[in-house]
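Have a look at the structure below before the remarks.
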Amino acid sequence: MSKKTAFVLISVLALFSVRVFSQEPFPIQETPPVLIDNDLGSPEFYRIGDITGNIGEAKAVILAKPTYSNEAKEAGAEGKVKVQIEIDEDGGVTSAKAVSGHQLLYEAAQTAALKSKFLTPKINGQREKTSGYLNYNFLIEMPNWFKVGYDLALVEKVPTIDFLQTAIIKKAFQPDWQTENDLILQLAEIKRANPNKNEPLFVNKTVINSVGRNSASQRGETRLNIPQQNYEQVSVSQNLISHLRGRLGNDEKSLWQFNLGVALIKFQELFRNPKTRQESFEFLKHFVQDAPADIQPAFSEQLKNLINSFGQKSSEQVRIEIGKTIANLQKIK
């Protein structure tokens, strides 16, 4: 047996050995189905929960996870989608129709159902067609207040807010926070109205010949289309940060995390200037010293790792590590 074949077999066995699918209310089966994830690049705050359903006496062999579309993410679409399915004798899904849930999630759920595979029951020794339904659970995870502060502060510093996941930020707000909910919706509208297509500009450039004279011919040159700073988004973001500080005033931990997220953007700005680099470290260490007692040890550890990473000589590996650490800080409640 070749090494490549052995590796494939081991990988398949590993997939079948992990219980990655919720069996309720499916019949109990000796081997759990393989869960095929078609959305590996999706941000972790958007995820697909357990897939459940009822397929009678059939057994799930392969289940495909839906892809969380950008349109659904932008709209904040989430929740359970029920899909009625028809299964042929060979276990393939021949029909899939979403019958409940958010309509922006229908297509993704139906597509996933059609990619699934089942082992149908036998009647008189022959495999039979069957039907049933699958439930796909689309979830938007609530961010911590560090992420909210960091992302909103970044809005003030960058010319485009394509990065801003407004549905995730809104998830942290209470339904009755009318002003804050209105402001995040304003940022969502600004984002929709000013998409950054990042199309290169084509400009003419006069060529200087070898004797220092301008040549009559010209050649084209492409440049990145860098958008202008949108001052409306800056104003809305500053207003939202101010209101959120008021909302969190009595919650020491949440306010500290939020202010740390905002401050980290300022820290990076100071850090880029050699003249204020030392000041930037003192600025950030201040937050570590003033951390509330109920901060998760994991959060404090990641923050210390971040400070240490900034203290290392700049390299691609260090920059990657800094990005990972900031991402980790955004997940710890």
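In this structure, Asn250 does satisfy being within 18 Å of Gly149 (Cβ to Cβ) and of a type outside the set (A, V, I, L, M).
Considering Lys304, Lys266, the condition of being touching a residue at least 60 places away in the same chain (Cβ under 8 Å), surrounded by fewer than 16 Cβ atoms within 10 Å (Cβ to Cβ), under 23 Å from Pro143 (Cβ atoms) and assigned by TED's automatic domain parsing to the domain that holds Ile169 is satisfied by Lys266 alone.
Restricted to the range 46-127, the set of strands (runs of 3 or more DSSP E) holding at least 1 residues that are assigned by TED's automatic domain parsing to the domain that holds Lys170 and in contact (Cβ under 8 Å) with a residue 60 or more places away in the chain is empty.
With the condition kept exactly as written, say whether any residue in the range 226-233 is within 25 Å of Ala327 (Cα to Cα), surrounded by 14 or more Cβ atoms within 10 Å (Cβ to Cβ) and either outside the structural domain of Pro159 (by TED's automatic domain parsing) or modelled with pLDDT under 95 (or both). Yes, the range 226-233 contains a residue that is within 25 Å of Ala327 (Cα to Cα), surrounded by 14 or more Cβ atoms within 10 Å (Cβ to Cβ) and either outside the structural domain of Pro159 (by TED's automatic domain parsing) or modelled with pLDDT under 95 (or both). Of the residues Arg245, Arg223, Arg277, the single one that is charged (D, E, K, R), in contact with a Leu (Cβ under 8 Å, 6 or more places away or on another chain) and at pLDDT 95 or above is Arg245.
Residue-wise test of (1) more than 27 Å from the chain's Cα centre (by Cα); (2) acidic (Asp, Glu); (3) under 21 Å from Gly149 (Cβ atoms).
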{"site": "Gln257", "(1), (2), (3)": "no, no, yes"}
{"site": "Gln296", "(1), (2), (3)": "no, no, yes"}
{"site": "Gln302", "(1), (2), (3)": "no, no, yes"}
{"site": "Gly311", "(1), (2), (3)": "yes, no, no"}
{"site": "Ser315", "(1), (2), (3)": "no, no, no"}
{"site": "Ile322", "(1), (2), (3)": "no, no, yes"}
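Taken over the range 231-258, the criterion of being part of a helix (DSSP H, G or I) and polar (S, T, N, Q) is satisfied by Gln233, Ser235, Ser237, Gln238, Asn239, Ser242, Ser254, Gln257.
Taking (1) out of contact with any Gly (no Cβ under 7 Å at 6 or more places or on another chain); (2) closer than 15 Å to Trp145 by Cα; (3) in a helix (DSSP H, G or I) in turn, Gly261 satisfies each apart from (1).
The values are calculated or read from the model by the stated rules, or taken from the named source; none is laboratory data. Nothing here was measured: the structure is a model prediction, and the numbers come from that model. So basically every Cβ, Gly included, is an ideal-geometry build from the backbone, and we count neighbours across all protein chains shown.
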